[in-house]
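Input: a single structure, listed below in structure tokens.
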Amino acid sequence: MNKVQVPAGGIIFREGELNNAMYVILSGSVEVYFTRKNVVQRLAIMKKGDFFGEMALFRSLPRTATAKAILDCELAVIESKQQLERFLLNNPDFSAKMVRILADRLANTNAILISKLDEYASGELEFGNSEA
């Protein structure tokens with residue numbers, strides 16, 4: 001597994017890029033955000049011991065967010081499922097933390113989905129344009 005140094009203000013990856021790596025923060029902090037209609041929406045501030053970009057290991061789709069170093073960072077770069085598996089086996093405390101965080105992220109995503117489905121069912125949210 002490689003390590004990379006990223007100076008404060010440095011971009012780790014950009015929304016729309018194809019890049020299959022996930023990152024573990026060994027030192028420093030990172031902001032993860034996306035932009036819609038020229039409005040920046042912060043998703044998270046990550047610190048030492050946190051991870052981000054994990055979906056890239058499992059899906060070959062463009063990045064949905066940008067990650068930028070807030071402070072100088074040292075990052076572990078995990079570029080394959082096999083590297084992730086070895087990292088998790090060698091770091092059981094991190095493995096448990098990762099499961100908790102992924103479960104929280106899934107629960108939050110489910111809550112958002114349910115909220116949007118409720119809005120749709122009540123007629124508050126429309127999909128597409130009904131004009132032909």
Does the range 2-79 come out rounded, prolate or oblate, given a ≥ b ≥ c as the square roots of the eigenvalues of its C-alpha gyration tensor, rounded meaning a/c under 1.5 and, failing that, prolate meaning a/b above b/c? oblate
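In whole percent, what relative contact order does the range 2-79 give with Cα contacts below 8 Å and a gap of six or more residues?
Working: 198 pairs, mean separation 41.2, N = 78.
53 percent.
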From the P(r) of the chain, could you give the percentage of C-alpha pairs in the tail past 26 Å? 31
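Can you tell me, using C-alpha contacts under 8 Å and at least 6 residues apart, the relative contact order of the range 16-132 as a whole percent?
This gives 28 percent for the range 16-132.
Less than 11 Å Cβ to Cβ from R14, Lys/Arg counted +1 and Asp/Glu -1: what total charge do the surrounding residues give? List each step's numbers first, then the result.
Working: positive: R63, K68; negative: E15, E17.
Neighbourhood net charge equals 0.
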I'd like to know which of T66, V24, I11 lies farthest towards the positive end of the charge dipole of the range 2-79, counting +1 on Cβ of Lys and Arg and -1 on Cβ of Asp and Glu. T66
Please give the FRET efficiency for R42 paired with L71, using the beta carbon to beta carbon distance and R0 = 22 Å, rounded to the nearest 0.05. 0.90
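Treating only the Cβ atoms of Lys and Arg (+1) and Asp and Glu (-1) as charged, compute the dipole magnitude of the chain about its Cα centre; round to the nearest 20 debye.
Values: 16 positive and 16 negative charges, 83 e Å.
The dipole magnitude comes to about 400 debye.
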Among all the lysines, which ones have a C-alpha under 19 Å from K3's C-alpha, if same-chain residues fewer than 8 places away are not counted? K47, K48, K68, K81
CD proxy, 222 nm, the chain: helix-only mean residue ellipticity via -39,500 (n - 2.57) per DSSP H run with n ≥ 4, per residue, nearest 500, stands at -11000 deg cm²/dmol
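None of the figures in this text is laboratory data; all of them are computed from the coordinates on show. Since we're looking at a predicted model, the values are computed, not measured. Note that we place each Cβ from the backbone using ideal geometry, even for glycine, and neighbour counts take in every protein chain shown.
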